[in-house]
Amino acid sequence: MNEVRVQTGDFDLGAEVARLRAGDARIGAVVSFVGTVRDLNDGARVSAMELEHYPGMTESALADIAERARARWPLYGTLVVHRVGPLAPLDQIVLVACSAAHRGDAFAACEFIMDYLKTEAPFWKKEQTPDGARWVDARTSDDEARAKWAR
């Protein structure tokens, strides 16, 4: 299974991982990452977040990132689910999961996809803080995380 979804609704981690593994006895490892909305960012309380995307372009960018991971590691499946729309602290925002014969490949691919997603996928985040709404800028640390894969 190789799937990319951008959606407003929540996802069920257990059900998604079960679908990724379903009936494939070759799989020896499934690694997943779930990102959640924090209530604090850059020193300010965050009461809500709105996530925008460019339909079609976003899904294409995510599919390309997952394809690059599959070209680099021997994976049996990849899954990327990213939410958009209004979100609150504690809400799940992103799921990346990879299946492989061995854990090292699954861990590396999952981290690779997440590092590239943070820097290349066309999403825009707006946070609600006590001082009003603000757009979230790109982080240098995300660029640095992605750069390690070029080595």
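The values are calculated or read from the model by the stated rules, or taken from the named source; none is laboratory data. Predicted, not measured: the structure shown is a model, and the values here were computed from it. Glycine also receives a Cβ, built like all others from the backbone with ideal geometry; neighbour counts cover every protein chain displayed. Please note that ligands, DNA and RNA were not included when accessible areas were found on the heavy atoms of the full protein model with its side chains. Shrake-Rupley method; radii C 1.70, N 1.55, O 1.52, S 1.80 Å.
If you take the residues of the stretch 126-145 that are open to solvent by less than 70 Å² (accessible area, probe 1.4 Å) and under 17 Å from the mean Cα position of the chain (by Cα), which of them is farthest from residue 68 (Cα to Cα)?
136
A quick yes/no check of all residues on (1) open to solvent by 30 Å² or more (accessible area, probe 1.4 Å); (2) closer than 26 Å to residue 148 by Cβ; (3) in contact with a helix residue (DSSP H, G or I) (Cβ under 8 Å, 6 or more places away or on another chain); (4) not β-branched (Val, Ile, Thr):
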site: 18; (1), (2), (3), (4): yes, no, no, yes
site: 21; (1), (2), (3), (4): yes, no, no, yes
site: 31; (1), (2), (3), (4): no, yes, yes, no
site: 39; (1), (2), (3), (4): yes, no, no, yes
site: 62; (1), (2), (3), (4): no, yes, yes, yes
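Does residue 99 fit the bill of being under 19 Å from residue 8 (Cα atoms) and polar (S, T, N, Q)?
Working: under 19 Å from residue 8 (Cα atoms): no; polar (S, T, N, Q): yes.
No; evaluated as a whole, the condition is false for this residue.
What do you reckon, is residue 58 crowded, with 16+ Cβ neighbours inside 10 Å, part of a strand (DSSP E or B), in contact (Cβ under 8 Å) with a residue 60 or more places away in the chain and of a type in the set (Val, Ile, Thr)?
On the way: crowded, with 16+ Cβ neighbours inside 10 Å: yes; part of a strand (DSSP E or B): no; in contact (Cβ under 8 Å) with a residue 60 or more places away in the chain: yes; of a type in the set (Val, Ile, Thr): yes.
It is false that residue 58 is crowded, with 16+ Cβ neighbours inside 10 Å, part of a strand (DSSP E or B), in contact (Cβ under 8 Å) with a residue 60 or more places away in the chain and of a type in the set (Val, Ile, Thr).
Taking the stretch 86-125 as the search range and keeping residues that are open to solvent by less than 10 Å² (accessible area, probe 1.4 Å) and part of a strand (DSSP E or B), which one is farthest from residue 68 (Cα to Cα)?
87
Do any residues in the stretch 98-118 that are touching a residue at least 40 places away in the same chain (Cβ under 8 Å) have Cβ atoms under 9 Å from those of residues that are assigned to a loop (DSSP other than H, G, I, E, B) and of a type in the set (Asp, Glu), where the two are at least six apart or on different chains, and which pairs are they?
99/24
Give me the pairs, please: first residue somewhere in the stretch 122-135 and more than 11 Å from residue 50 (Cβ to Cβ) and polar (S, T, N, Q), second residue anywhere and open to solvent by less than 70 Å² (accessible area, probe 1.4 Å) and in a strand (DSSP E or B), beta-carbon distance under 8 Å, and either six or more positions apart or on two chains.
If the second residue must be open to solvent by less than 70 Å² (accessible area, probe 1.4 Å) and in a strand (DSSP E or B), the pairs left are 129/44.
Taking the condition aliphatic (A, V, I, L, M), loosely packed, with under 15 Cβ neighbours inside 10 Å and modelled with pLDDT under 95, does residue 44 pass?
Numbers: aliphatic (A, V, I, L, M): yes; loosely packed, with under 15 Cβ neighbours inside 10 Å: yes; modelled with pLDDT under 95: yes.
It is true that residue 44 is aliphatic (A, V, I, L, M), loosely packed, with under 15 Cβ neighbours inside 10 Å and modelled with pLDDT under 95.
Rundown of residues vs (1) assigned to a loop (DSSP other than H, G, I, E, B); (2) modelled with pLDDT under 95, yes/no style:
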residue: 5; (1), (2): no, no
residue: 10; (1), (2): yes, no
residue: 14; (1), (2): no, no
residue: 17; (1), (2): no, no
residue: 20; (1), (2): no, no
residue: 23; (1), (2): yes, yes
residue: 26; (1), (2): yes, no
residue: 33; (1), (2): no, no
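Which ones in the stretch 126-151 are in a helix (DSSP H, G or I) and either aliphatic (A, V, I, L, M) or more than 17 Å from residue 36 (Cα to Cα) (or both)? Spell out how you get there, then give the answer.
The first filter runs over the stretch 126-151 and keeps only residues in a helix (DSSP H, G or I), leaving 140-150.
Residues satisfying the conditions are 140, 141, 143, 144, 145, 146, 147, 148, 149, 150.
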